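Read the structure below first, then the notes.
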Amino acid sequence: KKLNKPVIAACDVHFKDARDSIFREILMAGQGYKDASNQAPLYFRTTEEMLAEFAYLGEALAYEVVVENPNKIADGIEQVRPIPDKMHAPVVGGAEEEVRKFAYERARELYGEQLPEVVEKRLEKELAAIINNGFAGLYIIARKLIKRSEESGYLVASRGSVGSSFAATALGVSEVNPLLPHYRCSGCKYSRFFEDGAVQSGFDLPPENCPNCNTALTGDGHDIPFETFMGFKGDKSPDIDLNFSGEYQAEAHKHTRKMFGEDYVFKAGTISTIQSKNAYGFVKKYLDERDITVNKAEINRLVKGCTGVKVTTGQHPGGMMVVPEGYEIYDFAPIQHPADGKEKDIITTHFSYKALDETLLKLDLLGHDVPTLYKHLEDMTGIKIADVPTSDKKVMSLFISADALRLDSDYDPGLIPLGVYGLPEFGTENTIRVTKEAKPKLFSDLVQISGLTHGEGIWQGNAQELIKNKTCTISTVIGTRDNIMVYLMHKGMEADMAFKITEITRKGGAQQYFDEEIYKAFEACNIEEWYIESCKKIKYMFPKAHAAAYVTGAVKLGWFKINYPAEFYAAVLTKHTENLDIDCVLAGKEAVRQRIREISVNQEAEPKDKLVLKALFIVYEMLCRGIKFLPVRYNKSDAARYIIEDGDLRLPFLTIESCGENAAKRMKEVIDSGDFISIDDIKTKAGINNTVMERLNAMDAFGGLPQSAQLSLFELL
């Protein structure tokens, strides 16, 4: 009052209600804070509670500091947004013209100068949405990044729902064709589309020759609606996620910064929160230390209250936020070094990329194994991935049995139930289990399995039961989000209602948000009761385009697995090199089988053991096909790749325990240079430690080379 300064009353608030104090106490106790139990004053008080706290000032003054002064400050603050509204995408000069030009050029290459009505109608619809909503630049940026990667010899795979866009297919941004299943002729450009829903993928169409020119027809198209990518009105910001080879990803990021400028590209920031598994650990520790016993419901309540609390900041594995020219990053977000990498030369947005999703363009340039495997297989075989068939009967048989691999007669069928090891997304324990139960016959069935194994609330207690009791087959259960819209439209439902039901279901809202209008629409189209009940059990659904891209990769790699087995294992095992137990794998298939059994029954297996196990399954299958490992040899082994010798695989230096990638490369460089006269000379020039050298010597990797220069000179004399 003497200084005429306004005073306000405030709380030190860390949680909303007083009863929530237990959650903060648990988390603080778990981190070793001694004052963890002192949480009582830290809740958010009501106006009445605040007036009571400051009653000692007298009624009038308490009201002034609790109510009037805070409101004066609030009234003095203009309405502000921490993040600008609307999308601020970078402007790419001429993007609208380029999108239209390139899309039509490729469409005509595939379907002829006079496009079929179904193709032109779809393309025009998409181009209108892309151009009118200002997204043409995004498509052109993605196209440029992909072209650059392909020029470097690395194909790029799409992920997410971008494959729902035929414009993306025509621009080379996606390898998935979302049109109706169809035949097309590479010669005269004849095409025939299947519109009745009986065929779910063009890859499932039987071989047929063109009725006009007798050329073998190509089956294509996966029947994926564009709406699931950019919304029913085509105005939803498109999310183009690209899988670059892990060997090229850093170059893709570097090129993006070069394309837009260092001051306009930043790594997408993330906020890590406590997951339920970790929250359970905090709760269990808290209760155990205090010898408190509570029932399961109370434990679940405490876990739920601790879940989702911020832990730290980090960076998205491939997300790049692009600031448009004329702005700076501070117009949208603060920037920082991520808390989990302060020492690295990385700058991220301080706000999570999720908060900026509708404001700044985010490029998802992720690293993935499949493009790397493609590169290695193309290099080894000379066969282009684009020329590999996607409807080979032997390849499809791998998902039913391992017979096509022609394994040794004494192989253990319990360890090789199917022929899918090494095929991306299909070699995991869970996917093998689902695949065995589903008994897929078609490419579209594999797409269903991919959707079922990536979704939530969609297989167990849902599709699994429907297949078991023969209500459905793998072809007819709900597998991916797009299937719902397509199925309902084929049943005669209006597109807008089918889209609405799809959006509700894919997010897990069917149980809560299916209303009378939706049930009437189901009734009008004679939708089966099992279908409606299945929708209501779903919590999350996978995009069909993403599943189709995954399965395409698996099927193409499966073709190499059957036709070029040594090259296939040489490529696939580069992902598992550091987890190979070379003493075990060199000892043969019986030793490998025994090691698999040991790890499998070990209840206390370490995470590293599980990675070793994954590699051993692939190795066991390889050995059962008569392909052996050859030991490391200084003049025959590569640094990191497996060299094929008479159908067997020569182990690289990287397989030696404790020999990292850099050490393996240095050793290979020294050996290739020929500038050495002894084992010790190689060790010194390559900077290899004693442990690695001892292991190499034990394997006789330097057979024929003298140990030291002195010995070499003595022998010479």
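Where helices (runs of 4 or more DSSP H) fall wholly inside the range 11-128, the ranges with 3 or more residues that are within 28 Å of Val303 (Cβ to Cβ) are 21-30.
Restricted to the range 638-669, and to residues there that are assigned to a loop (DSSP other than H, G, I, E, B) and of a type in the set (A, V, I, L, M, F, W, C), the residue that is farthest from Met622 (Cα to Cα) is Cys659. In summary, no strands (runs of 3 or more DSSP E) completely within the range 181-256 bear 3 or more residues that are at pLDDT below 95 and surrounded by fewer than 22 Cβ atoms within 10 Å (Cβ to Cβ).
With the requirement that a residue be in contact with a Cys (Cβ under 9 Å, 6 or more places away or on another chain), free of Cβ contacts under 8 Å to residues at least 40 places away in the same chain and of a type outside the set (S, T, N, Q), what does the range 239-290 give you? Show your work before the answer.
Here is the first cut: in the range 239-290, the residues in contact with a Cys (Cβ under 9 Å, 6 or more places away or on another chain) are 274, 276, 278-280, 282-283.
Still in the running and free of Cβ contacts under 8 Å to residues at least 40 places away in the same chain: 276, 278-280.
If the condition is that a residue be in contact with a Cys (Cβ under 9 Å, 6 or more places away or on another chain), free of Cβ contacts under 8 Å to residues at least 40 places away in the same chain and of a type outside the set (S, T, N, Q), then Ala279, Tyr280 are the ones that fit.
Return the residue satisfying two criteria in turn: it lies in the range 505-548 and is among the small types (Gly, Ala, Ser) and assigned to a helix (DSSP H, G or I), and of such residues it is farthest from the chain's Cα centre (by Cα). Steps first, please.
Kept after step one, since they are among the small types (Gly, Ala, Ser), are these residues of the range 505-548: 508-510, 521, 524, 534, 545, 547-548.
Applying the additional criterion that residues be assigned to a helix (DSSP H, G or I) yields 510, 521, 524, 534, 545, 547-548.
Working: Ala510: 26, Ala521: 35, Ala524: 39, Ser534: 26, Ala545: 13, Ala547: 11, Ala548: 14 Å.
Looking at the filtered set, the residue picked out is Ala524.
Of all residues in the range 700-709, those being touching a helix residue (DSSP H, G or I) at 6+ places or on another chain (Cβ under 9 Å) and modelled with pLDDT under 90 number 5. Evaluating Met493 against the criteria (1) buried (at least 19 other Cβ atoms within 10 Å of the Cβ); (2) within 18 Å of Ser164 (Cα to Cα) leaves one unmet condition, (2). Of the residues Leu287, Leu302, which is touching a Ser or Thr at 6+ places or on another chain (Cβ under 9 Å) and surrounded by 16 or more Cβ atoms within 10 Å (Cβ to Cβ)? None of the others qualify; the one that does is Leu287.
For Ala591, indicate whether it is among the small types (Gly, Ala, Ser), assigned to a helix (DSSP H, G or I), buried (at least 20 other Cβ atoms within 10 Å of the Cβ) and modelled with pLDDT of 95 or more. No; evaluated as a whole, the condition is false for this residue. Scan the range 109-125 and report the pairs whose first residue is closer than 22 Å to Asn212 by Cα and whose second residue is in a helix (DSSP H, G or I) and open to solvent by 40 Å² or more (accessible area, probe 1.4 Å), with Cβ atoms within less than 7 Å and a gap of 6+ or a chain change. Cβ pairs passing all conditions: Leu115/Arg108.
Go through the range 323-375 and report how many residues are farther than 30 Å from Ala571 by Cβ, outside any loop (DSSP other than H, G, I, E, B), open to solvent by less than 60 Å² (accessible area, probe 1.4 Å) and not charged (D, E, K, R). So that I can check it myself, show each step before the final result.
Within the range 323-375, the subset farther than 30 Å from Ala571 by Cβ is 323-362.
Of the ones still in play, those that are also outside any loop (DSSP other than H, G, I, E, B) are 329-331, 335-336, 339-341, 348-349, 360-362.
When the remaining residues are screened for being open to solvent by less than 60 Å² (accessible area, probe 1.4 Å), the result is 329, 335-336, 339, 341, 348-349, 360-362.
Narrowing the set further to residues that are not charged (D, E, K, R) leaves 329, 335-336, 339, 341, 348-349, 360-361.
Within the range 323-375, residues that are farther than 30 Å from Ala571 by Cβ, outside any loop (DSSP other than H, G, I, E, B), open to solvent by less than 60 Å² (accessible area, probe 1.4 Å) and not charged (D, E, K, R) number 9.
Any chance the range 306-315 includes a residue that's open to solvent by less than 90 Å² (accessible area, probe 1.4 Å) and in a helix (DSSP H, G or I)? Yes, that holds for at least one residue.
Got a sec? Which of Glu64, Glu68 is open to solvent by 60 Å² or more (accessible area, probe 1.4 Å) and over 41 Å from the mean Cα position of the chain (by Cα)?
Working: Glu64 fails: open to solvent by 60 Å² or more (accessible area, probe 1.4 Å).
None of the other options fit; the residue is Glu68.
Would you call Asp369 acidic (Asp, Glu) and within 21 Å of Ile83 (Cβ to Cβ)?
Working: acidic (Asp, Glu): yes; within 21 Å of Ile83 (Cβ to Cβ): no.
The answer is no for Asp369.
Which numbered condition trips up Val162, out of (1) at pLDDT 95 or above; (2) under 28 Å from the mean Cα position of the chain (by Cα); (3) surrounded by 22 or more Cβ atoms within 10 Å (Cβ to Cβ); (4) not hydroxyl-bearing (Ser, Thr, Tyr)? All conditions pass for Val162, except number (1). Applying the set (1) out of contact with any Pro (no Cβ under 8 Å at 6 or more places or on another chain); (2) open to solvent by less than 10 Å² (accessible area, probe 1.4 Å); (3) more than 15 Å from Ala170 (Cβ to Cβ) to Ile141 leaves exactly one unmet item: (1).
Test Leu42 against the stated conditions and say whether it is open to solvent by less than 70 Å² (accessible area, probe 1.4 Å) and touching a residue at least 40 places away in the same chain (Cβ under 8 Å).
Working: open to solvent by less than 70 Å² (accessible area, probe 1.4 Å): yes; touching a residue at least 40 places away in the same chain (Cβ under 8 Å): no.
The answer is no for Leu42.
Can we say Ala605 is modelled with pLDDT under 95, open to solvent by less than 60 Å² (accessible area, probe 1.4 Å) and within 14 Å of Tyr569 (Cα to Cα)? So Ala605 does not fit the description; no.
The values are calculated or read from the model by the stated rules, or taken from the named source; none is laboratory data. The structure presented is a predicted model; accordingly, all values stated were derived computationally and were not measured. Because the Cβ atoms are built from the backbone with ideal geometry, glycine has one as well, and the counts that use them run over all protein chains shown. Just the protein is used for accessible areas: all its heavy atoms, side chains included, with ligands, DNA and RNA removed. Shrake-Rupley method; radii C 1.70, N 1.55, O 1.52, S 1.80 Å.
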